[in-house]
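The values are calculated or read from the model by the stated rules, or taken from the named source; none is laboratory data. Bear in mind that the values here come from a model prediction, so they are computed numbers and not experimental data. In this analysis, Cβ positions are derived from the backbone assuming ideal geometry, glycine residues included, and neighbour counts consider all displayed protein chains.
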Amino acid sequence: MPVTLYAKRTPLAALLWRYKNADPPRAVDRRPLAALLAAFVGHHGACLEAVAGQWDALTTVPSRRRPSLLDALVREAAVGPLVELLVPSGGAITRRGVFPSAFRVAAAVPPTVLLVDDTCTSGAHVHSAAAALKQAGARTVVAVPLGRIIDPSFGATTALRWAAQRSLPYDIGRCPLCAGSGDDDGDAEAQQREPVAGGVRGAVHGLVCAEDGGARGRGPEAEDLRAAHDHARRVRQGAEDAGGRDGDR
Ligand SMILES: [Zn+2]
């Protein structure tokens with residue numbers, strides 16, 4: 001389930017690009033994304049667990065770039081102990097395909113895995129990684145890309161759905177699994193519009209599109225990010241209090 005949807009030439013697209021391409025990598029680009037991941041898991045970890053069961057391990061879609069930018073981001077988000085389950089095998093991944101052989105399994109794979117990725121375009125990388133985990137024994141893999149890119153020029157249906165999603169405000173408190181469950185009674189207008197966007201409920205989370213000045217969609221506000229940082233700190237504190245009982249590192 002993507003944390004956000006985004007299009008080219010938006011603030012989130014720029015942030016993700018800087019996070020991936022700035023040389024050397026910069027904390028100022030990584031931190032807001034780590035906070036977004038922390039906030040998402042904090043708000044909706046239970047939603048994911050309700051459908052997939054409690055995850056036994058948290059891992060990332062590995063990249064050939066070392067040290068891994070994404071691993072640093074996930075550690076900073078402090079959403080749980082990170083286990084390196086996959087490493088790139090050197091095999092190719094092409095768009096829209098599923099290539100589990102592109103990854104080698106580096107550790108014992110438990111039944112339920114939360115698989116974090118940074119960006120998702122065709123989904124080939126995340127699907128291939130999930131397939132590799134399943135071949136190695138995972139029963140359920142919950143994929144959580146931080147940003148799923150949408151190309152509204154792809155076709156009329158995509159354009160229509162994107163327009164519907166853009167009309168919704170960004171709300172970290174709602175995910176496709178819990179949207180409309182009652183937490184947002186004050187947001188009746190958005191709830192009424194929600195069926196319009198029903199085909200892409202995955203996008204309820206995903207409105208980070210402020211190229212129009214934020215008059216319609218809006219990105220996560222500083223307040224959301226502060227709350228996310230606070231949450232991450234509490235989680236980290238809790239993990240320390242628990243004495244690292246998972247012992248994965
Ligand atoms: Zn939720």
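With respect to the conditions (1) away from the ligand (no atom under 16 Å from the Cβ); (2) surrounded by fewer than 18 Cβ atoms within 10 Å (Cβ to Cβ); (3) modelled with pLDDT of 90 or more, G199 lacks only one, and its number is (3). The condition of being touching a helix residue (DSSP H, G or I) at 6+ places or on another chain (Cβ under 8 Å) and farther than 21 Å from A38 by Cβ does not hold for S122. Only one entry of V74, V83, V61 meets the criterion of being farther than 20 Å from K20 by Cα and out of contact with any Lys or Arg (no Cβ under 6 Å at 6 or more places or on another chain), and that entry is V83.
Just to be sure, is V79 buried (at least 16 other Cβ atoms within 10 Å of the Cβ), within 16 Å of the ligand (Cβ to nearest atom), among the hydrophobic types (A, V, I, L, M, F, W, C) and under 15 Å from A143 (Cα atoms)? In short, yes. Take the conditions at negative phi, out of contact with any strand residue (DSSP E or B) (no Cβ under 9 Å at 6 or more places or on another chain) and surrounded by fewer than 15 Cβ atoms within 10 Å (Cβ to Cβ) and apply them to A159. Does it pass? Against the criterion (at negative phi, out of contact with any strand residue (DSSP E or B) (no Cβ under 9 Å at 6 or more places or on another chain) and surrounded by fewer than 15 Cβ atoms within 10 Å (Cβ to Cβ)), A159 qualifies. Close Cβ contacts (under 8 Å, 6 or more residues apart or on different chains) running from residues in region 22-46 that are free of Cβ contacts under 8 Å to residues at least 40 places away in the same chain to residues that are among the acidic types (D, E) comprise A22/D29.
Checked against the criterion of being over 17 Å from V144 (Cα atoms) and either in contact with an Asp or Glu (Cβ under 9 Å, 6 or more places away or on another chain) or at pLDDT 95 or above (or both), the candidates P62, P67, P100, P32 yield just one match: P100. From the list A129, A164, A179, the one residue that fits, being within 16 Å of the ligand (Cβ to nearest atom) and either closer than 30 Å to L85 by Cβ or surrounded by 16 or more Cβ atoms within 10 Å (Cβ to Cβ) (or both), is A179.
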